[in-house]
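The structure under discussion appears below in the form of structure tokens.
Each value in this text was obtained by applying a stated rule to the coordinates, not by laboratory testing. Model, not experiment: these values are computed from the prediction. Glycine also receives a Cβ, built like all others from the backbone with ideal geometry; neighbour counts cover every protein chain displayed.
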Amino acid sequence: MLIDSIGQKVLGYLGRALSLELSAVQLYSTQARLVAGWGFDEAAKHLQHEALEEMQHVDRIIARMLAKGVAPNASQLRPVKLGRDLLSLLQINREFETELVTLYQQAVNDCRQSDDANDLMFFQQLLQEEQQHAQELSEWINRLQKGF
């Protein structure tokens, strides 16, 4: 299969997205276990739910790569960053989500410029979901900082 330069860019975005989303699964799963050990059961459930949502992104990205005729290949998982308390963990997560939002925004912009409607819709959906995650993290951080 001959892939044009736009197709190569999309495959590059998919590869980076796969690596980041798998890293997010690892991050949230690890943090869920950590905060459960601290006795924060609700926070642990929330983080585990986030890990599952990120795994759904992984599944969609893999399906997209297979549909394009390429084998999924995550290049490298990010090391898990841990904090000393829930607030520092959430700040790490917000930073991570911001990186995902930036990647998906770049993919959306490139797909929009190339009139690639199918990939545009794919990346727009992921962008919206990651923006929602980032917003929820910001709200959670704000609640913790205000003491509720």
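If I take R0 = 30 Å and measure r between the Cβ atoms of Met55 and Gln135 in this structure, what FRET efficiency does the formula 1/(1 + (r/R0)^6) give, to the nearest 0.05?
0.90
Between the stretch 19-37 and the stretch 61-92, how many Å separate their Cα centres?
9 Å
Mean separation of Cα pairs under 8 Å and 6+ residues apart, divided by the residue count of the stretch 7-146: what relative contact order is that in percent?
27 percent
Inverting the mean 1/r over all pairs of different Cα atoms, compute the Kirkwood radius of the chain and quote it in Å.
16.1 Å
If each DSSP helix of 4+ residues adds -39,500 (n - 2.57) and the sum is divided by the residues in the chain, what number results at 222 nm, nearest 500 deg cm²/dmol?
Computed mean residue ellipticity for the chain: -28500 deg cm²/dmol.
What FRET efficiency, computed as 1/(1 + (r/R0)^6) with R0 = 35 Å and r the Cβ-Cβ distance, is obtained for Asn73 and Gln105, rounded to the nearest 0.05?
0.90
Based on the mean of other Cβ atoms within 10 Å per residue, sort peptides 111-122, 25-36, 76-87 so the most packed one is first.
Those peptides, ordered most packed to least, come out 25-36, 111-122, 76-87.
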